[in-house]
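See below for the structure under consideration.
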Amino acid sequence: MRVPILIASGCAVLALGSSPALAAGGAGVSTASSPAKPAAKQAGTASSPVALSTSGGAGVGFGPGPRSTPTHPVVPGYRAKIIRGVAYAPASAPIQVQRAIWAGDRIRHKPYIYGGGHGSFNDVGYDCSGSVSYMLHAAGLLSTPFDSSEFMSWGNGGLGHWITVYTNPGHAFIEIAGIRLDTSAEGDPHPAPGSGPRFRPLLSDTSGFEARHPTGS
């Protein structure tokens, strides 16, 4: 079930003042003319995703296809992969997507702390929207932490090519390149131990959440 601390004002404390550009919704990301193979939400393989409803961030520039390293793990293709709890970024994804995934890896052992990640992006623990904010900040798509209510007006409505933030007044999580980072273990058949942000499979049912994606599509 979802994190039990879900209150009307959101699962995190209100963020500090916002930037008129990045905080308003990822404005200023580099544009790609037409990403050829966005990460499919449900079907497809790493080398051959299919164009169903997608989980992503339209308009971000493509990365150079880096070699996999312990701090920047990658897999071939267009879909991320979770291996023993570590998220491997797709080598063919935009660099912003890769950076966001690698940022999620850096906090995947952090505990759940209500309000964590809001006084500062670097914290000892994170709540739901704090962890989403951390990933988006690493990608250059957010300049100040947002709570789940603020994410309801962030970026553009609907699904993105690579990054989609699902949010409501009580909870937020992010789906990116075919995987999800979430403090809730709902829909995770093999949840990692502990609380806090963990990489998990995509949710099959996102009803009750508003989908948002970075500006630029």
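Please treat every number below as a calculation from the coordinates, not as lab data. Remember, predicted model here, so these are calculated numbers, not experimental data. So basically every Cβ, Gly included, is an ideal-geometry build from the backbone, and we count neighbours across all protein chains shown.
Below are the figures for this structure:
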{"item": "Leading residue by the ranking (nearest to the chain's Cα centre (by Cα)) among those in the range 83-118 that are in a strand (DSSP E or B) and surrounded by fewer than 20 Cβ atoms within 10 Å (Cβ to Cβ)", "result": "Val86"}
{"item": "Long-range neighbours under 6 Å by Cβ, at least six apart or interchain, first residue crowded, with 17+ Cβ neighbours inside 10 Å within the range 147-158, second in a loop (DSSP other than H, G, I, E, B) and of a type in the set (Val, Ile, Thr)", "result": "Gly155/Thr215; Asn156/Thr215"}
{"item": "Leu141 in contact with a Phe, Trp or Tyr (Cβ under 8 Å, 6 or more places away or on another chain), touching a residue at least 60 places away in the same chain (Cβ under 8 Å), aliphatic (A, V, I, L, M) and crowded, with 24+ Cβ neighbours inside 10 Å", "result": "no"}
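Residues are listed down the side, and each one gets a yes or a no for (1) closer than 17 Å to His118 by Cβ; (2) in a strand (DSSP E or B); (3) touching a Cys at 6+ places or on another chain (Cβ under 7 Å); (4) among the aliphatic types (A, V, I, L, M):
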position	(1), (2), (3), (4)
Ser131	yes, no, no, no
Met135	yes, no, no, yes
Ser143	yes, no, no, no
Ser149	yes, no, no, no
Ile174	yes, yes, no, yes
Ala185	no, no, no, yes
Asp188	no, no, no, no
Gly194	no, no, no, no
Phe199	no, yes, no, no
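A quick yes/no check of all residues on (1) farther than 21 Å from Phe209 by Cα; (2) out of contact with any Gly (no Cβ under 9 Å at 6 or more places or on another chain):
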residue	(1), (2)
Ile101	yes, yes
Gly125	yes, no
Gly140	yes, no
Ser143	yes, yes
Ser153	no, no
Gly160	no, no
Glu175	no, no
